[in-house]
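Just so it is clear, none of the values below were taken in a lab; they were calculated from the coordinates. From a predicted model like this one, the values you see are computed outputs, not experimental measurements. We place every Cβ from the backbone using ideal geometry, glycine too, and count neighbours over all the protein chains shown.
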Amino acid sequence: MREVFEARRWDGAARVGTLSVPRAGVTVETPALMPVVNPNLQTVSPSALETEFGAQVLITNAYIIHGDDELRETALDRGLHDMLDFGGAIVTDSGSFQLAEYGEIDVTTEEILRFQRDIGSDVGTPVDLPTPPDADRDRAETDLETTQERLALAESADTGEMLVNAPIQGSTHLDLRESAARHAYGTDLDVFPIGAVVPLLNEYRFADMVRVVDAAKRGLGADAPVHLFGAGHPMMFALAAAAGCDLFDSAAYALYARDDRYLTVRGTRHLDDLTELPCPCPICTTHDPDELRSLPGRERGDLLARHNLHVSFAELRRIREAIRAGTLLELVEERARAHPTMLDGYRALLDGADRLEGDDPATKGTFFHLSTESARRPEVRRHHERLDRLVPPEELVLTDGSRPSDRPAWRILPPFGPVPPELAETYPLTAEVSDRRDDPTLVAAADGIARLAAVHDVDLTVVHDGWPSHALDRLPDDVTTIDRSTDDDPMETDGDDEPIETAGDAEGIDG
Ligand SMILES: [Zn+2]
């Protein structure tokens, strides 16, 4: 067991946890946002990050400090915490980014790790080799070998109490990401950044981002804290947290502000396009866009950066609360509506529902069926599996409407499928579902019925309200189907059918 990280609450693959940082003597609550602090240009001072925004951890670049005579001497002399005036945990990067950008850097892994230790970094980083997305396999493998040699150097280095990152590379080759993660997890290093995803995020390739994270997570144990390196836009924090990421770093708050870009959880707006500031943060409630536009560049950038930070930290608080309440996927669905590529990302997340389900607590609040994608959530799959353990009557009517008075009947609740009466009041079958049932929802319900038919020896009659043929086609041939939208008296009863009560009917929308 790694002792630095403890997951306390789970929601799917997401978790609220604690990262204990021994050198700083602080415990960081995750998922956490680490603002990027440029040692040469502090848009918002680290002490303000701590006191105004509640930052428990920040990230800065040891390579830049090392390369600047004055900064290097100050950091060695006074230590990083004193130099930056920050009491929380400080993570340092090593120059890998510069290496990827410019092809070479002038320090070795041993040198930069020693330097990070000497200046008082709390989490140091070896010089790994970031391989961009879509690199050919030979290059990705060769780069990965180098990264793994650097991890070995980091393992044998004397790093004292400093935690050490074990970056995971492998480009967009998912098997390489998985084996890289397994290898990194096998070292005695502490924190696991998933590297070189920034180009994916810049190109809005959120589905690829999710696949890369998913692959890496398969190689890591549950006690591995995962940092999605370079992911700083609040729009995608919920998605990445749902995929199992625990740490985010944001340079975006400052970089975007410099270009007059205003971050929101639904995307980016340009200051020139805003008539009002649609945000309750202290900056937006005390300024209007005209005022901001009239300010000198530096001052304007400072205020926009503060807004950008407020939005980002608020989203992290919202995510942690959603995980505690078991409603993170609903937040992800909401965020996924902001951009078609975010929806692709959410769909990719649901493709990995097997893994999501492994960690998902079986009981939580109310399942909200919000969209087509809800039909693919882990709860639906788990309900289908639960049907295997039930004992249905030999003859059974399944109906999405009224119940015949003379025969055993179970209700059909799309997207779950058959609902045995004994489970009707339990999560997730107390779901709030929309009356408009789209095709994927009915197909999922039909799959539940097919599973019941496959596992049990039961004579099934399905009474449905005009289900489309591609849903009905999922049912085995020996299931009798009756379309009650075209048949006046489908069950040939005497007309005193009773409605099947559900918790949803009884409790209403606030239940
Ligand atoms: Zn604001």
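Things to note:
- Counting Cα-Cα pairs of region 1-94 in 10 Å increments starting at 0 gives whole-percent bin shares of 15, 44, 29, 11, 2.
- Panel order for Leu398, Leu201, by other beta carbons found within 10 Å of each beta carbon, from fewest to most: Leu201, Leu398.
- Neighbour-count ranking [beta-carbon atoms within 10 angstrom, fewest first] of Ser434, Ser312: Ser434, Ser312
- Fewest-first sequence of Asp406, Asp208 by Cβ atoms within 10 Å of each Cβ: Asp406, Asp208
- Sequence ranges 373-380, 82-89, ranked by mean other-Cβ count within 10 angstrom, highest first: 373-380, 82-89
- Computed label-point distance, nm, for sites Glu52 and Asp288 using a 7 Å Cα→Cβ extension: 2.3 nm
- Normalised by residue number, the volume inside the convex hull of the Cα atoms of the chain is 167 Å³ per residue.
- Once the Cα-Cα distance is subtracted from the 0.36 nm per residue extended length, the Ser156 to His456 segment shows a gain of 102.2 nm.
- Percent RCO, i.e. relative contact order, over the chain, from Cα pairs under 8 Å lying at least 6 residues apart: 12 percent
- Scaled radius of gyration (Cα, divided by 2.2 N^0.38 Å) that region 438-487 gives: 1.07
- Unit Cα scatterers, Debye sum, region 390-454: log10 I(q)/I(0) for q = 0.19, 0.20, 0.23 Å⁻¹: -0.74, -0.82, -1.07
- At R0 = 56 Å, FRET efficiency that the Cβ-Cβ distance of Asp134 and Asp406 yields, to 0.05: 0.35
- FRET efficiency, His270 to Asn40 (Cβ-Cβ, R0 25 Å, nearest 0.05): 0.40
- Helix runs (DSSP H) in the chain reaching 20 Å along axis by Cα, Kyte-Doolittle at least 0.0: 439-455
- Residue-span extension gain [Arg347 to Asp118] - 0.36 nm each, minus C-alpha spacing: 77.9 nm
- Set the Cα radius of gyration of region 278-361 against 2.2 N^0.38 Å, with N its number of residues, and you get 1.48.
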